[in-house]
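Notes follow once the structure below has been shown.
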Amino acid sequence: MRKFCYVLICFLVLACNGKKNEPLLLSFYSDANYVNYPQDGGRGRVVISEKAQKEGINIDFVREYIPQNEYRAVLEQNLLLETSAMAFPIHKDQIQNLAELGLILPLTKYLARMPHYISKLKDSSLDNYIYNGDLYALPRVSRPEGFNGYNTRNGWAIRTDWLESLNLDMPETLEDLEDVLRQFTEMDPDQNGMDDTYGLSLDFNHSMLWGAFGLSYSENFENWILDGESLIHTTTHPQVENILKLYHSWYEKGYISPESFIQTGLAIQSKANVGISSISVWNLNRLNVTWKNEGKSSHLAIMLPVIGPEGDRGYDNDPFLSNGLAISANLSEVEVDGLIRFLDWICDDSEEGGFYTVSYGIEGEHYILDKENNRINLLSTYDDLYKTGFSNPVRFISVIDRRWITSQELLDNIEILNDPENLVNEDHIYKFVLENDTKLKLQKRWEQTMVSIITGTADLSTWHDYVELFNKEIQDLP
């Protein structure tokens, strides 16, 4: 009997120890559909988990995809039912509702446990995910290189081959810019003998011109300016009247393509008859490569922001805010601790950290780290990394790292958009997201107002009416 009891006790001890040593299973939602990512996480899940465990972070993880058109509803429903994943991306306009319902965890006190994450964080990014004084989502972070900034979208691209054709310098002031637009329109810069070129195409990205007037234009309609003790939306600032006047004068002179606001900057630039347009650096690079492969001399580069009448210049300081990672409030402290440690480890780019493994796979097989030149030489395509279970599908905290880009010109263009010297002074700029229905209604009204004034179908009194209606619409908002 004593022998039986001894055996039973040993069995129970071993069972308890076995359970104690089981890895903590972390669960993540995602609305990004990487179709080639294996449902079981593939080899990447095994390699990442084993490396984390070797560093004392005893975890495993699973990732569940929810289609974008269902994501918000499914997430909130599962949070209410306490059946959601542990961590999940949310947009900042979801924070107030989820925080007030007590469904997401306040995260401020956990930042002290995330030194690798904090070391790569742009401080102002946190402001966008704070509600009632507490942080509710972790924004993406970036490595320190100048080309690893957030902005790749808000640049104005100029045809450098047209500058060369007309013996023009890159414009430095607003007056220079207007002269370049005139010559691009009137002086046959493509030398085809036809009157078929335009200086500028416009869509709804105006960040550089607004920067010349000291304003920060956001295509997400979220930029506000402190005017005395009140916040006013940038589209209602008095300087907007001068911007609209200038745009209208350029339109009347024929400098602006009539296809503006109808087609994207990429679609218009693809026709190669516009000198300056708003275009992402990625599309700019694709066009340059295409033109080069076709044997054409056409070439685009990101402009430096021009100086306005009062010495102001710059692109929007923080043009695009991706989702932040939130954590369910329905977790134990042990689960939160394991999750926080894992997320910080993902941001650790030391040999012991998880950054390179999560982002690029296995060194020597999927990538080579060129320490001397500070570059990542990819040996696998991103599609192959996804199939194997590495890279973007499992970068639960996104650390921007573009050292894998082989085009120095592309890196230079990105750096222009992120150089603090080329950004609007953000001291008086605030980002605030209106409730979605209100935002969409006001944004549509603004775009209609702007287009009608620029094209001359309405006069500036329409903008004054817009300002009055805007202020009336938001006066009852909290």
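The values are calculated or read from the model by the stated rules, or taken from the named source; none is laboratory data. For clarity, every value in this text was computed on a predicted model and none was experimentally measured. Reconstructed Cβ throughout: ideal geometry from the backbone, glycine too, with neighbour counts over all protein chains shown.
From S297, S398, which residue is of a type in the set (S, T, N, Q) and exposed (fewer than 15 other Cβ atoms within 10 Å of the Cβ)?
S297
Condition test on D337, is it surrounded by fewer than 17 Cβ atoms within 10 Å (Cβ to Cβ), in a helix (DSSP H, G or I), of a type in the set (D, E) and touching a helix residue (DSSP H, G or I) at 6+ places or on another chain (Cβ under 9 Å)?
Yes.
Can you list residue pairs whose Cβ atoms sit under 6 Å apart, with the first residue in the range 385-406 being in contact (Cβ under 8 Å) with a residue 60 or more places away in the chain and closer than 21 Å to K122 by Cα and the second being part of a strand (DSSP E or B) and of a type outside the set (G, A, S)? Count only pairs 6 or more apart in sequence or on different chains.
Every condition considered, the pairs that remain are F396/F28; V399/V141; R403/R375; R403/I376.
Looking at P171, P144, which is the one that is in a loop (DSSP other than H, G, I, E, B), modelled with pLDDT of 95 or more and not small (G, A, S)?
Exactly one of P171, P144 is in a loop (DSSP other than H, G, I, E, B), modelled with pLDDT of 95 or more and not small (G, A, S), namely P171.
L226: surrounded by fewer than 20 Cβ atoms within 10 Å (Cβ to Cβ), out of contact with any Ser or Thr (no Cβ under 9 Å at 6 or more places or on another chain), modelled with pLDDT of 90 or more and aliphatic (A, V, I, L, M), yes or no?
Answer is no for this residue.
Taking the options G295, G311, name whichever one is without any contact (Cβ under 8 Å) to a residue 40 or more places away in the chain, part of a loop (DSSP other than H, G, I, E, B) and closer than 28 Å to F432 by Cβ.
None of the others qualify; the one that does is G311.
So K122 ticks every box in (1) surrounded by 17 or more Cβ atoms within 10 Å (Cβ to Cβ); (2) closer than 30 Å to E333 by Cβ; (3) under 19 Å from the mean Cα position of the chain (by Cα) but one. Which box is left unticked?
(1)
Look at the range 1-29 and say how many of its residues are at pLDDT 95 or above and polar (S, T, N, Q).
Residues that pass the stated criteria total 1.
Here's the yes/no breakdown for (1) of a type in the set (D, E, K, R); (2) part of a strand (DSSP E or B); (3) over 17 Å from the mean Cα position of the chain (by Cα):
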| position | (1), (2), (3) |
| --- | --- |
| E352 | yes, no, yes |
| I368 | no, yes, yes |
| I376 | no, yes, yes |
| L385 | no, no, yes |
| F390 | no, no, yes |
| F396 | no, no, no |
| R402 | yes, no, no |
| L411 | no, no, no |
| L417 | no, no, no |
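Quick check on D195: is it surrounded by 18 or more Cβ atoms within 10 Å (Cβ to Cβ) and either outside the structural domain of I454 (by TED's automatic domain parsing) or modelled with pLDDT under 95 (or both)?
Working: surrounded by 18 or more Cβ atoms within 10 Å (Cβ to Cβ): no; either outside the structural domain of I454 (by TED's automatic domain parsing) or modelled with pLDDT under 95 (or both): yes.
Answer is no for this residue.
For the range 25-40, which residues satisfy the criterion of being touching a residue at least 40 places away in the same chain (Cβ under 8 Å) and within 17 Å of I397 (Cα to Cα)? Quick ask: steps written out before the conclusion?
From the range 25-40, those touching a residue at least 40 places away in the same chain (Cβ under 8 Å) are 26-32, 34, 36-38; that's our starting set.
Within the range 25-40, L26, S27, F28, Y29, S30, D31, A32, Y34 meet the criteria.
Give the range 51-109 a look and list any residue that's in contact (Cβ under 8 Å) with a residue 40 or more places away in the chain, farther than 30 Å from G361 by Cα and surrounded by fewer than 19 Cβ atoms within 10 Å (Cβ to Cβ), or say none.
Within the range 51-109, E82, D93, G102 qualify.
Can you pull out every residue in the range 424-468 that is surrounded by 16 or more Cβ atoms within 10 Å (Cβ to Cβ), assigned to a helix (DSSP H, G or I) and of a type in the set (A, V, I, L, M)?
L442, M450, V451, I453, I454, V467
Could you grab me the full set of residues in the range 74-98 that are of a type in the set (A, V, I, L, M, F, W, C), in a helix (DSSP H, G or I) and within 23 Å of the chain's Cα centre (by Cα)? Quick ask: steps written out before the conclusion?
Residues of the range 74-98 of a type in the set (A, V, I, L, M, F, W, C): 74-75, 79-81, 85-88, 90, 95, 98.
Cutting the leftovers down to in a helix (DSSP H, G or I) gives us 74-75, 79-80, 95, 98.
Within the range 74-98, L75, I95, L98 qualify.
If I filter the range 270-326 down to residues being farther than 22 Å from E178 by Cα and among the hydroxyl-bearing types (S, T, Y), which single residue comes out as modelled with the lowest pLDDT?
Once the filter is applied, the top-ranked residue is S322.
Within the range 469-478, can you find the residues that are in a helix (DSSP H, G or I) and either over 29 Å from the mean Cα position of the chain (by Cα) or at pLDDT 95 or above (or both)?
Once the filter is applied, which keeps residues that are in a helix (DSSP H, G or I) and either over 29 Å from the mean Cα position of the chain (by Cα) or at pLDDT 95 or above (or both), the range 469-478 yields L469, K472.
Quick one: would you say S332 is free of Cβ contacts under 8 Å to residues at least 12 places away in the same chain and under 30 Å from E76 (Cα atoms)?
Values: free of Cβ contacts under 8 Å to residues at least 12 places away in the same chain: yes; under 30 Å from E76 (Cα atoms): yes.
Considered against the rule, which asks whether it is free of Cβ contacts under 8 Å to residues at least 12 places away in the same chain and under 30 Å from E76 (Cα atoms), S332 comes out as yes.
Output the residue which, of all residues in the range 469-478 that are out of contact with any strand residue (DSSP E or B) (no Cβ under 9 Å at 6 or more places or on another chain) and of a type outside the set (D, E), is surrounded by the most Cβ atoms within 10 Å (Cβ to Cβ).
Among those that are out of contact with any strand residue (DSSP E or B) (no Cβ under 9 Å at 6 or more places or on another chain) and of a type outside the set (D, E), it is L469.
Do we find that Q77 is closer than 18 Å to N97 by Cβ, polar (S, T, N, Q) and modelled with pLDDT of 95 or more in this structure?
yes
Quick one: S260 ticks every box in (1) under 18 Å from L174 (Cβ atoms); (2) within 26 Å of the chain's Cα centre (by Cα); (3) modelled with pLDDT of 80 or more; (4) among the small types (G, A, S) except a single one, so which number is it?
(1)
Of the residues S230, S218, which is within 24 Å of the chain's Cα centre (by Cα), assigned by TED's automatic domain parsing to the domain that holds S298 and closer than 19 Å to N425 by Cα?
It is S218.
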